[in-house]
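One structure is given below, encoded as structure tokens.
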Amino acid sequence: MGLFYEAEKTFEELMDEKKNFVFIGEAGSGKSELVLNVALKLAERTGKPVDLFDLDQTKPLYRSRDMKEEFAKKGVNIIYQDQYLDAPVMVGGVRVSLVSDNYTLLDIGGGHQAAKFAGAYADLLSKDDSVPVYIINPYRPWTRDVDSIDGTMRHILGSMRLDHIYILGNPNLGYSTTVNEFMDGLEKIDELLDGFTAVNSACVRRDIFEEAQAKTDKALVPIDLFLTYSWVD
């Protein structure tokens, strides 16, 4: 198995096939938005409980945990542990969820500390029902060249004791990203990873989904914005 796992499959196909998802992404990649969207899609499609573990300890804003109360009403249980100052903390219940019938999503960010925590479950996350997903937003400074992407992926995977990853595109410049900016971002991703792997799936804001899908053969996943606000731009 190569580093880039299931590259021929769309992300929608993976959602139909997998039970456990680990989401990795640098600050600004839009990872936490995507995690929330995937959790909600799985809950709505299947009616099964979804456990979303917020292990991201790299930023104080735009955290999936901020939607805990609202998402509980939708069948998504968001689980996290409050930090004391900058001290890393373990979140309980991950292993139980990974082996249960529930869907399990781990939001670990781009930090090595959370990845080390996730590495405690490498025996389960390496099974066929699990997939690590790396979110690439080419408009962010940490993902503007292939060396940066490769360095982060290999560092995180090493900490997690895993050897493969699925790439999901999320090109955006914020709340008001245009279709043209989205399409330019898709081209940037292809240029970055040319010769390494093909990225066949990407996420796009729901209100520009149809127009964007008409312009590309890639499988696009429409998403809603739960954590991003117009004042950010």
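Where the eigenvalues come from the Cα gyration tensor of segment 11-227, what are the semi-axes √(5λ) of the equivalent ellipsoid, largest first, in whole Å? Please report the intermediate quantities before stating the final value.
Details: eigenvalues 129, 78, 57 Å².
In descending order, the three semi-axes are 25, 20, 17 Å.
Report the equivalent ellipsoid semi-axes for segment 1-49 in whole Å, largest first, defined as the square roots of five times the eigenvalues of the gyration tensor built from alpha carbon atoms.
Working: eigenvalues 75, 58, 14 Å².
Sorted largest first and rounded, they come to 19, 17, 8 Å.
Which ordering of Ile208, Ile149, Ile108, Ile167 is given by a fewest-first count of other beta-carbon atoms within 10 Å?
Details: Ile208 17, Ile149 21, Ile108 28, Ile167 25.
Ascending Cβ contact count within 10 Å gives the list Ile208, Ile149, Ile167, Ile108.
Can you compute log10 of I(q)/I(0) for segment 153-233 with the Debye formula, treating each Cα as one identical point scatterer, at q = 0.13, 0.17, 0.25, 0.26 Å⁻¹?
Normalising to I(0) and taking log10 leaves -0.48, -0.76, -1.17, -1.21.
Could you order peptides 21-33, 131-143 by the average number of other Cβ atoms within 10 Å of their residues, highest first?
Numbers: 21-33: 24.2, 131-143: 21.8.
By packing density, highest mean first, the sequence is 21-33, 131-143.
We did not get these values from a lab; they are worked out from the coordinates using the rules stated. As the structure is a prediction and not an experimental result, all values here were calculated from the model. Quick reminder, even Gly has a Cβ in these numbers, built from the backbone with ideal geometry, and neighbours come from all protein chains shown.
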